[in-house]
Structure formats: structure tokens, C-alpha cells
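Everything below concerns the one structure shown next.
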Amino acid sequence: PHIGNVGVNAEDIETVTPAARGCIFREPITAPANWRAGGHLDGWLRTNHLVALTGIDTRRLAKRIRDGGAPKGALIHAPGDDIDIKALQFM
């Protein structure tokens with residue numbers, strides 16, 4: 001699958017404020033190749049302050065959620081790799 005190859009456009013926007021706070025994809029986001037594309041998915045994510053994580057086995061993740069419920073997790077960006085793991089465990 002190609003993530004983002006259709007791109008984004010104003011006609012297909014269904015909400016002003018996305019409910020999701022991030023996206024998880026198996027493959028990297030690709031450049032749009034559709035004539036309707038008004039922008040790049042990566043740009044839309046950035047504009048809406050959403051994060052995307054790629055390289056995840058999404059089928060395995062879906063199976064884990066289906067079989068065991070949603071795991072607790074956090075997607076964090078810390079400039080300089082200064083992440084306090086112990087503090088995160090108590091959030």
C-alpha cells in the first residue's frame with residue numbers, strides 16, 4: 001500500500017479539528033500522485049499538529065488490540081533525546 005499517494009484536498013475534509021492525535025502506518029508516507037491532491041499528507045499532519053509513526057507491523061498491532069485490548073502507550077518527541085522514562089510510567 002502507498003500511504004499518502006492520493007494526497008489531501010479541501011473537498012474531502014470531513015472535520016475542521018481531527019479527533020485522532022496521531023497515525024500509525026506500516027509504510028512511509030509517499031508523495032501524492034493524484035490529480036485531486038491539493039497537498040501532501042505529511043504537510044496536513046504537520047499543519048494539524050499530528051504525529052505519524054511508520055515502520056509498525058499494523059496487522060500485528062491490530063491483532064494484539066483485538067485479542068488483548070488496547071495497550072497503554074505514549075508517542076513522545078523530546079529534543080535532544082532527553083526523555084524521562086521513569087516519570088512517564090506514572091502518567
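The values are calculated or read from the model by the stated rules, or taken from the named source; none is laboratory data. Remember, it's a predicted structure, so these values are computed and weren't measured experimentally. Neighbour counts run over all protein chains shown; Cβ positions are idealised from the backbone, glycine included.
Out of all the residues in the stretch 19-39, is one or more touching a Lys or Arg at 6+ places or on another chain (Cβ under 7 Å), in contact (Cβ under 8 Å) with a residue 12 or more places away in the chain and among the polar types (S, T, N, Q)? Within the stretch 19-39, none of the residues are touching a Lys or Arg at 6+ places or on another chain (Cβ under 7 Å), in contact (Cβ under 8 Å) with a residue 12 or more places away in the chain and among the polar types (S, T, N, Q).
If you go through the stretch 1-41 and keep only what is among the acidic types (Asp, Glu) and either surrounded by 14 or more Cβ atoms within 10 Å (Cβ to Cβ) or in a loop (DSSP other than H, G, I, E, B) (or both), you end up with Glu14, Glu27. Arg60 meets all of the listed conditions (1) in contact (Cβ under 8 Å) with a residue 12 or more places away in the chain; (2) at negative phi but one, namely (1).
Among residues of the stretch 66-91 that are free of Cβ contacts under 8 Å to residues at least 12 places away in the same chain, those with a Cβ under 8 angstrom from a residue that is part of a loop (DSSP other than H, G, I, E, B) and not charged (D, E, K, R), sequence gap 6+ or separate chain, pair up as Ile83/Ile76. Scanning the stretch 77-87 for residues that are part of a loop (DSSP other than H, G, I, E, B), modelled with pLDDT of 75 or more and of a type in the set (A, V, I, L, M) returns a single hit, Ile83.
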